[in-house]
Amino acid sequence: MNKERSDSVNELREKMVSIGTDTDRKTGGCNIMTKLDALRKSARECAKWRGHELSRFSPAEVQSTGRQQSFTSCLECGAMAVVDTQPLPNGIDISGRAVAVGCKKRKT
Ligand SMILES: [Zn+2]
């Protein structure tokens with residue numbers, strides 16, 4: 001269990017580092033993952049590692065600036081996860097309780 005957990009932490013770190021650069025590299029291919037999709041995937045993985053079971057993300061809310069935001073919450077405890085393709089200078093692209101604290105409904 002402990003080994004498995006540290007492995008997933010390392011994977012998660014690699015994925016978080018690769019956000020942005022990864023999508024840039026793939027723009028020539030046919031399987032393009034948008035920044036929003038990449039953020040959603042990372043948020044889901046991060047929340048999963050914390051024991052949450054996220055429901056589907058809401059459809060992207062697209063603003064005139066091209067900024068996209070999407071929301072979801074944990075089916076077990078209701079903790080939110082928010083992704084934002086253009087966070088404010090004092091904000092972050094993945095936020096919410098689901099990626100910050102462990103799930104209340106699950107003993108670790
Ligand atoms: Zn939860």
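The values are calculated or read from the model by the stated rules, or taken from the named source; none is laboratory data. Computed from a predicted structure; not experimentally measured. FYI the Cβ positions are ideal-geometry reconstructions off the backbone, even for glycines, and counts take in every protein chain you see.
Quick look at the numbers
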item: Selection status of Ala81, in contact with a Cys (Cβ under 9 Å, 6 or more places away or on another chain), small (Gly, Ala, Ser), in a strand (DSSP E or B) and surrounded by 18 or more Cβ atoms within 10 Å (Cβ to Cβ); result: yes
item: Filtered residues of the stretch 53-108 (kept if of a type in the set (Ser, Thr, Tyr), within 16 Å of the ligand (Cβ to nearest atom) and either at pLDDT 95 or above or in contact with a Ser or Thr (Cβ under 7 Å, 6 or more places away or on another chain) (or both)); result: Ser55, Thr72, Ser73, Ser95
